[in-house]
1. Restricting attention to the stretch 12-48, and to residues there that are surrounded by 15 or more Cβ atoms within 10 Å (Cβ to Cβ) and among the acidic types (D, E), which single residue is farthest from the chain's Cα centre (by Cα)?
2. Based on what the data block shows, is V112 in contact (Cβ under 8 Å) with a residue 40 or more places away in the chain, touching an Asp or Glu at 6+ places or on another chain (Cβ under 6 Å) and closer than 12 Å to R18 by Cβ?
3. Could you tell me whether V88 is modelled with pLDDT of 85 or more, out of contact with any Asp or Glu (no Cβ under 6 Å at 6 or more places or on another chain) and not charged (D, E, K, R)?
4. Looking at the stretch 138-185 only, could you name the residues that are among the polar types (S, T, N, Q) and free of Cβ contacts under 8 Å to residues at least 40 places away in the same chain?
5. Somewhere in the stretch 73-80, is a residue in contact (Cβ under 8 Å) with a residue 24 or more places away in the chain, in contact with a Phe, Trp or Tyr (Cβ under 7 Å, 6 or more places away or on another chain), outside any helix (DSSP H, G or I) and among the hydrophobic types (A, V, I, L, M, F, W, C)?
Amino acid sequence: MHNVAICGIIATMPIPQRIFLIGPMGAGKSSIGRALARALDYPFRDTDDWLRERTGVDISTIFDFEGESGFRKREADAVTELTALEPVILGTGGGTVVTAENRRLLAERGFVVYLHTSLDYQLERTRTGTHDRPMLDTADPEARLRELMEERGPLYRELADFTVQTDGASVQQVVRKLRRELGAT
């Protein structure tokens, strides 16, 4: 249950059936989303996974053949379909918010959680693993991450119903914070 103040009266609202995770790459949207989905017994979906399933190729290949604009169009299709599911925990790509229609659908269709992380943590998390991150295919990933945050940070903050800091927090700590906010404790 979720408590909401209406004209000074506290009303108990059900847990949102659609919870959308936004934030920069490396914020933990996929790992936190999966854990939150398990905790709430909701299915977890991810826009990048949807794109890989539909195209049969990785994100970098889509960027190579269609550029960012082609990728964003495909991503918009994913957002249109996946935000209509219920219940769902949806992990979005870091740049999902740059498309106005995506922002509208996220805001109208569900509860939007901004997973905020610092540049230092983002660098650490994106440096490891075999992640498919074409936006970081650059000589200076730190400068690119900073540039992306300058562009996208205001959009994340504007769209968010709730913001949680992920720096230094375990997946389970963040999930506990989210469960408390959602009234699912």
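The values are calculated or read from the model by the stated rules, or taken from the named source; none is laboratory data. Just so it is clear, the model here is predicted, and its values are computed rather than measured. Glycine also receives a Cβ, built like all others from the backbone with ideal geometry; neighbour counts cover every protein chain displayed.
1. Result: D48.
2. Details: in contact (Cβ under 8 Å) with a residue 40 or more places away in the chain: yes; touching an Asp or Glu at 6+ places or on another chain (Cβ under 6 Å): yes; closer than 12 Å to R18 by Cβ: yes.
So V112 passes the test.
3. Details: modelled with pLDDT of 85 or more: yes; out of contact with any Asp or Glu (no Cβ under 6 Å at 6 or more places or on another chain): yes; not charged (D, E, K, R): yes.
For V88, the condition - modelled with pLDDT of 85 or more, out of contact with any Asp or Glu (no Cβ under 6 Å at 6 or more places or on another chain) and not charged (D, E, K, R) - is met.
4. First, pick out the residues of the stretch 138-185 that are among the polar types (S, T, N, Q): 138, 163, 165-166, 170, 172-173, 185.
Selection gives T138, S170, Q173, T185.
5. Initial filter on the stretch 73-80 (in contact (Cβ under 8 Å) with a residue 24 or more places away in the chain): 75-76, 78-80.
From what's left, in contact with a Phe, Trp or Tyr (Cβ under 7 Å, 6 or more places away or on another chain): 78.
Applying the additional criterion that residues be outside any helix (DSSP H, G or I) yields none.
No, because not a single residue in the stretch 73-80 is in contact (Cβ under 8 Å) with a residue 24 or more places away in the chain, in contact with a Phe, Trp or Tyr (Cβ under 7 Å, 6 or more places away or on another chain), outside any helix (DSSP H, G or I) and among the hydrophobic types (A, V, I, L, M, F, W, C).
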